[in-house]
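Encoded as structure tokens, the structure appears first; notes follow it.
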Amino acid sequence: MPSPIRAVIFDMDGVLIDSEPVYLGMQARNLQTKYPWVTLESMYPTVGMSSQEYPRFMARLCRVPFTPEFEKELMQADENEPIHFPEILRPEARPMLKQLRAMGLQLALASSSPMSNIRQVLSECGLMEFFPVIVSGEQFEASKPDPEIYLHTMARLGRRPEECLIVEDSTYGVQAGAAAGGLVAALRDERFPFDQSAARFHIGNLSEIPALAASIQ
């Protein structure tokens, strides 16, 4: 009996690229001049947080009131230093995407990142050709764990939720994919305290995705 999976939808940060330690490291370094107790490890819980929850968590971590002035300070700390994205591309990503495409599966990207950042990453990593459908969280009022981004992506693909395998890593990303009705494969990462219990499958490497997609009944 052939697999019902017709499309695979990927998150970007933490899935295709191992970006989260890089982003967190930059933020921690920028904040440590004023808040020396802020460490990379203390920021791990922010991975996958919504844009609404993140600044409030950071205010507690920095031991200051949550104010517009602090939000502005956070935005300045979040300003990215130049990142060479091909260096943090997971080495198995391109072969895995080529294999999925050869299997005749539709591919899409659904990331909470701004569209400009998504396109920069895909372009610099040479992955743009694999994703005819690209969806950014900035298009929606509600962010993950709200399922809207995945429901929209499924509609763009013309697929039902049960035909879509979703590859995620963070707590909110996994919850968003599951709430959309897709079959979620969670990429394990022991560095972060993710709750991946809502995922149907758990994988240790992206290279497992083609066989998983083919085996689902």
Stretch gain in nm, segment Glu124-Met103, where the contour uses 0.36 nm per residue and the Cα spacing is subtracted: 5.1 nm
Reduced Cα scattering model of the chain, Debye log10 I(q)/I(0), q = 0.08, 0.13, 0.15, 0.16 Å⁻¹: -0.28, -0.73, -0.95, -1.08
Phi to ³J(HN,Hα) by Karplus 6.51 cos²θ - 1.76 cosθ + 1.60 over the stretch 194-211, Hz, x for Gly, Pro: 6, 9, 9, 5, 7, 6, 7, 10, 10, 10, x, 7, 4, 5, 7, 5, x, 5
Other-chain or far-sequence residues with amide H under 5 Å of Gln106's (modelled H): Ala7, Val8
Contour excess over end-to-end distance, with Cα ends at Glu87 and Met115 and 0.36 nm allotted per residue: 8.0 nm
Likely footprinting exposure, Lys98, Lys72, fewest C-beta neighbours within 10 Å first: Lys72, Lys98
Under 23 Å from Lys34, Cα to Cα: lysines that are on another chain or at least 8 residues apart: Lys72
Separation of alpha-carbon centers, the stretch 119-162 and the stretch 19-98, rounded to whole Å: 22
For Val184, residues with placed amide H under 5 Å, excluding near neighbours: Ile166, Arg200, Phe201
Kirkwood-Stokes translational diffusion coefficient of the stretch 20-77, alpha-carbon pairs, 20 °C, 1.002 mPa s, µm²/s: 189
Asp195 long-range amide H proximity, modeled H, under 5 Å: Thr171
Protection proxy ranking of 9-15, 150-156, 189-195, 65-71 - average other beta-carbon atoms within 10 Å, highest first: 9-15, 150-156, 189-195, 65-71
222 nm mean residue ellipticity, helices alone, for the chain (DSSP H n ≥ 4; -39,500 (n - 2.57); rounded to 500): -11000 deg cm²/dmol
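Which percentage, to the nearest 5, of the DSSP beta bridges contained in the chain is antiparallel?
Bridges in the chain are about 5 percent antiparallel.
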Full-extension gain in nm, Glu41 to Ala211, via 0.36 nm per residue minus C-alpha separation: 57.8 nm
Vicinal HN-Hα couplings computed from phi for the stretch 4-13 (Karplus, 6.51 cos²θ - 1.76 cosθ + 1.60; Hz; Gly/Pro x): x, 6, 10, 8, 10, 10, 10, 6, 9, 5
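We did not get these values from a lab; they are worked out from the coordinates using the rules stated. Remember, it's a predicted structure, so these values are computed and weren't measured experimentally. So basically every Cβ, Gly included, is an ideal-geometry build from the backbone, and we count neighbours across all protein chains shown.
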